[in-house]
Amino acid sequence: MITPAAIVAVASSAALVILGLALILTVWRVVAGPTLPDRILALDMLTGVAIGFIAVIAVKTGFSLYIDIAISLGLVGFLATVAFARFVLSRGNIKSPPSATAAKGGGNKRRAGGKTR
C-alpha cells in the first residue's frame, strides 16, 4: 500500500522538476526577449516560479516558515512589477520594427519648401 508520505514525496519531486523546466524557459525569455515588456513579464514569472520552489520545499520539509517567505516574495515581486510597468509607461511608446513601406522609402516626404512629393 502506498503511504501518504510517499505520495507527497513523489508529487513534490515531480513539482520540482516541472518548476525547474519553467525556470529554464523563463530565464531564456529574459535573455532572448525581443522587447522590454517581454522581459518584464518574464521577471514576474521568475518571481512566481521562485514562490513555487519555496512552497514545494516547505511542503517537502514541513518547515512552515518558508510559506511566510513565499508570501513576502510575492509582495516584493508585485511591487517590482508595478515599478517596471511605471518605468515603461514613463519612457513613452515602445518602438516597433519599421513597417515595410518605411523600409522601402515609400510614403510622402516633405521637401525643404514644405511641399510633398
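A few remarks follow.
- Unique residue being out of contact with any Gly (no Cβ under 9 Å at 6 or more places or on another chain), of a type in the set (S, T, N, Q) and surrounded by 11 or more Cβ atoms within 10 Å (Cβ to Cβ) when the list is SER64, SER12: SER12
- Pair list, Cβ < 9 Å and 6+ apart or interchain, from segment 1-23 residues that are in contact (Cβ under 8 Å) with a residue 24 or more places away in the chain and farther than 16 Å from ALA58 by Cα to residues that are of a type in the set (A, V, I, L, M, F, W, C) and part of a helix (DSSP H, G or I): ALA22/MET45; ALA22/VAL49; LEU23/LEU46; LEU23/VAL49; LEU23/ALA50; LEU23/PHE53
For (1) of a type in the set (Ser, Thr, Tyr); (2) at pLDDT 95 or above, each residue gets a yes or a no:
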{"site": "PRO34", "(1), (2)": "no, no"}
{"site": "ALA50", "(1), (2)": "no, yes"}
{"site": "GLY62", "(1), (2)": "no, no"}
{"site": "SER72", "(1), (2)": "yes, yes"}
{"site": "ALA102", "(1), (2)": "no, no"}
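- Out of THR26, THR81, sole residue that is touching an Asp or Glu at 6+ places or on another chain (Cβ under 6 Å), assigned to a helix (DSSP H, G or I) and either modelled with pLDDT under 95 or not aromatic (Phe, Trp, Tyr) (or both): THR81
- Residue match in segment 55-78 (condition: outside any helix (DSSP H, G or I), over 26 Å from VAL8 (Cα atoms) and not basic (Lys, Arg)): no
- Odd one out for THR47, checked against (1) assigned to a helix (DSSP H, G or I); (2) surrounded by fewer than 16 Cβ atoms within 10 Å (Cβ to Cβ): (2)
- Segment 31-44, residues that are part of a helix (DSSP H, G or I), among the β-branched types (Val, Ile, Thr) and surrounded by fewer than 16 Cβ atoms within 10 Å (Cβ to Cβ): VAL31
- All conditions in (1) of a type outside the set (S, T, N, Q); (2) in contact with a Leu (Cβ under 8 Å, 6 or more places away or on another chain); (3) without any contact (Cβ under 8 Å) to a residue 12 or more places away in the chain hold for ILE51, with the sole exception of (3).
The values are calculated or read from the model by the stated rules, or taken from the named source; none is laboratory data. Please read all numbers here as calculations on a predicted model, not as lab measurements. With ideal geometry, Cβ positions are generated from the backbone for all residues, glycine too; neighbour counts draw on all protein chains shown.
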